[in-house]
Amino acid sequence: MSETSSEGSDGDRWVFYKDRPDWKDVTPVKQEEGPFPVVSIAYNAKFKDVYDYMRAVLKSNEISERAFHLTKDALELNPANYTVWQYRRLLLKDLNKDLREEFQYVSQLIDEYPKNYQIWHHRMVMVEWMDDPSMELDFLKEALYNDPKNYHAWKHRQWVIKKFNLFENELEYTESLIGDDLRNNSAWNQRYFVVLHTGKLSEPDQIRKEISFALKAILKTTLNESAWNYMRGLLIHTEKGVLEAEVVEFCEKLYASGNKSPHLLGMLIDMAVEGDDPKLDERALQICRELANRYDHVRAKYWNYMETIVKEKIAATKVADQKATNANEAASDVKNN
Amino acid sequence: MAWKSCSHSGRVAVDPIVLDSTRLSIAFFSISGLEVLGALKDINDDNKKSMCNWIYGLQIHPTEDGDGSQCGFQGTDTFVTLENGVATNCNKMFANGHLAMTYTGLASLLILGDDLSRVNKTAVIKGVAALQQEDGSFAATLLGSENDMRFVYCACCICYILQDWSGMDMEKTLSYIRNSFSYDSGFGQGPDLESHGGVTYCAVASLVLMEKLTETLSKKEIEGLRRWAIMRQVSGFQGRANKQEDTCYSFWVGATLKMLDFYEIVNFEENRKYIMSTQCSIMGGFSKVRDVNPDPLHSYLGLCGLSFMGEEGLEQVHPALNISMRAADFLHKLHQSW
């Protein structure tokens, strides 16, 4: 690499800003790192050059096409530099730039850096400025195709759906993603987001429909925590919670078939704790021991803890029963006297 | 020691330029990491003082009319230049505090033994206030930034460290946290978002620092949260259901369990085995998963994850503030003197 130029990633020769005739009028501004820079960064010559000019432009508040191009070079070197992004937004406005082009640019950058906060934020601002979400869902579909669990993409997707009320086809979309990968927790979360915001969780019929959707998925892979959690999330909105008849029946049947998924077994413990059947309490104690010793060994201490919870419940029930018996006896004594 | 080379004499090993804007947080990982290793004492007092001076150099002071909305600490001196012999931000409009940098700056100063006397406390609190959003969350900086649970946590740390909550509408903050409690009993970055280990840490630590944990979540919800967190243990910890384990969650989820008084439930042996398997035998430090390069964040959080299990030779870590217990004790003594 020569002192004054280098090969760009596209094979073009990179010309330092200090060697560019159209920047002759600008004096580069050096960074002051102080006498004792901590975790100092080994900036390369290109970085120093670009940021020397970035500082110069910021210092003089230059609003120009060349400054706009400079922000692109500065961001290419560090797409996480939020100060440069903010300056670029100022330039976009003051130069009245075509925001469609900016969209193309930000889309390319997201392809390249799909987990960069500043780039996603910039995209959100662009959607707001244009007040146009028409490109978003397809773009996000692509991003989620590349990484179905990309938190940034899901966050942006929820934001745009809420802001512009784009719920219409979202349930189907989550279904197709769950079909691709039953263990995609992000897709399950998105499904919950949709059913919650479209009012489905206040209609018992719709909840039942969703419960059967979840139960079908559970049957396919009973070890899939995401589907179990989704189903439990739905139960929050039902009258009986974990004791909902359809779910109790499903779990009992699955258990009878010999299934030992820790999620199923955990559910049976919770059902016992919530319910009032002493036989199920005894079974829950047994299940806690089995989980600890065999089926979920990594969480042995947790299931031992759950065993104490079940025991406490049994003890509390006995006290309550005794109280009720005493009260009944007292009542019948009063009557007999 | 490979660790030391991170902090001053040497250079950061991984993708350094993209860390340029948030250098202060990298300094924090290094300084706090040395502290957890019990090795900070090997840095002499002059060097510690110089580090404090560097951090103070990143403090943004109020404008002449007293407006403090831009105040706090910035993450780097990328836009600092010499003007008439004085280090100055090249454009004051673009010199802004950043909540994560203010938090890691204050934390680093405490670890280095600084008494925070040069912190413009009133201005920092004004800076915090300027960043709270309508929904109760916080943005990182006035320079256009996303707002989410990470910065709620940073704001809570700052208010706690400075013992001044006047810059925060606590009711609003609590409502944001509450609304981010998910159907599976974890917390998302915001309402409707997927439960996540790092975010759950931010939410729970914020509640602990505000002393509002049991007020905000019912007993049953706390049991649900405990289960959600312990379900994240694979051998190490994962951050979300059905995702791969990652060293940093031994801290994020581990600290969450600590704050929920439930850490003894963790399978120490498996957790330790996983963290140690991500240690780099050549450079030192930890990576997120096996056989990739270590980085400052995972190295630091890996150490903290080990410290929770009482690993020999490591200092204890305060789970909510994410600094050593020694530094937290020092802070509490400072509080008494304020």
With the structure loaded, tell me whether A:Leu77 is aliphatic (A, V, I, L, M) and under 26 Å from B:Asp77 (Cα atoms) or whether it fails that test. yes
Go through segment A:197-211 and report how many residues are surrounded by fewer than 17 Cβ atoms within 10 Å (Cβ to Cβ) and either within 13 Å of chain B (Cβ to nearest Cβ) or under 16 Å from A:Glu175 (Cα atoms) (or both). 4
Matching entry among A:Lys260, A:Lys216 (being outside any helix (DSSP H, G or I) and basic (Lys, Arg)): A:Lys260
Any idea which of (1) in contact (Cβ under 8 Å) with a residue 40 or more places away in the chain; (2) touching a strand residue (DSSP E or B) at 6+ places or on another chain (Cβ under 7 Å); (3) within 26 Å of A:Ile309 (Cα to Cα) is the one B:Glu245 doesn't satisfy? (3)
Check B:Asp65, B:Asp115 and return the single one that is modelled with pLDDT of 95 or more and either part of a loop (DSSP other than H, G, I, E, B) or over 23 Å from B:Val199 (Cα atoms) (or both). B:Asp115
Subset of segment B:162-188, residues under 20 Å from B:Trp252 (Cα atoms) and within 19 Å of the chain's Cα centre (by Cα), comes to B:Ile177, B:Phe187, B:Gly188
Only one of B:Phe330, B:Phe308, B:Phe286 is crowded, with 24+ Cβ neighbours inside 10 Å and more than 14 Å from every other protein chain (Cβ to nearest Cβ), namely B:Phe286
Applying the selection to segment A:44-86, what residues are touching a Gly at 6+ places or on another chain (Cβ under 9 Å) and either among the hydrophobic types (A, V, I, L, M, F, W, C) or more than 12 Å from chain B (Cβ to nearest Cβ) (or both)? A:Trp85
For residues that are in a helix (DSSP H, G or I) and away from every other protein chain (no Cβ under 14 Å), scanning just segment A:165-184, find the one that is nearest to A:Asn224 (Cα to Cα). A:Gly179
Which of the following residues is buried (at least 19 other Cβ atoms within 10 Å of the Cβ) and within 24 Å of B:Glu269 (Cα to Cα): A:Ala292, A:Ala284, A:Ala300? A:Ala292
Out of the residues in segment A:140-159 meeting the condition of being buried (at least 19 other Cβ atoms within 10 Å of the Cβ) and among the aromatic types (Phe, Trp, Tyr), tell me which one is farthest from the other protein chains (Cβ to nearest Cβ). A:Trp159
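Conditions (1) away from every other protein chain (no Cβ under 14 Å); (2) among the small types (Gly, Ala, Ser); (3) surrounded by 22 or more Cβ atoms within 10 Å (Cβ to Cβ), marked per residue:
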{"position": "B:Ala155", "(1), (2), (3)": "yes, yes, yes"}
{"position": "B:Lys172", "(1), (2), (3)": "yes, no, no"}
{"position": "B:Tyr176", "(1), (2), (3)": "yes, no, yes"}
{"position": "B:Gly186", "(1), (2), (3)": "no, yes, yes"}
{"position": "B:Ser206", "(1), (2), (3)": "yes, yes, yes"}
{"position": "B:Leu209", "(1), (2), (3)": "yes, no, no"}
{"position": "B:Ser218", "(1), (2), (3)": "no, yes, no"}
{"position": "B:Glu221", "(1), (2), (3)": "no, no, no"}
{"position": "B:Met231", "(1), (2), (3)": "no, no, yes"}
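Yes or no, residue by residue, for (1) assigned to a helix (DSSP H, G or I); (2) acidic (Asp, Glu); (3) surrounded by fewer than 19 Cβ atoms within 10 Å (Cβ to Cβ):
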{"site": "B:Val199", "(1), (2), (3)": "yes, no, no"}
{"site": "B:Ala203", "(1), (2), (3)": "yes, no, no"}
{"site": "B:Thr214", "(1), (2), (3)": "yes, no, yes"}
{"site": "B:Arg226", "(1), (2), (3)": "yes, no, no"}
{"site": "B:Ser235", "(1), (2), (3)": "no, no, yes"}
{"site": "B:Ala241", "(1), (2), (3)": "no, no, no"}
{"site": "B:Val253", "(1), (2), (3)": "yes, no, no"}
{"site": "B:Arg272", "(1), (2), (3)": "yes, no, yes"}
{"site": "B:Ile275", "(1), (2), (3)": "yes, no, no"}
Any hit, segment A:29-42, residues being within 14 Å of another protein chain (Cβ to nearest Cβ) and assigned to a helix (DSSP H, G or I): no
For B:Lys41: the one exception among (1) within 19 Å of B:Tyr300 (Cβ to Cβ); (2) under 18 Å from the mean Cα position of the chain (by Cα); (3) away from every other protein chain (no Cβ under 13 Å): (2)
Subset of segment B:87-99 [part of a helix (DSSP H, G or I) and either surrounded by 24 or more Cβ atoms within 10 Å (Cβ to Cβ) or touching a Pro at 6+ places or on another chain (Cβ under 9 Å) (or both)]: B:Leu99
Going by what's in this entry, would B:Ser145 be described as of a type in the set (S, T, N, Q) and modelled with pLDDT under 95? yes
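The values are calculated or read from the model by the stated rules, or taken from the named source; none is laboratory data. As the structure is a prediction and not an experimental result, all values here were calculated from the model. Cβ: placed from backbone, ideal geometry, glycine included. Neighbour counts: every protein chain shown.
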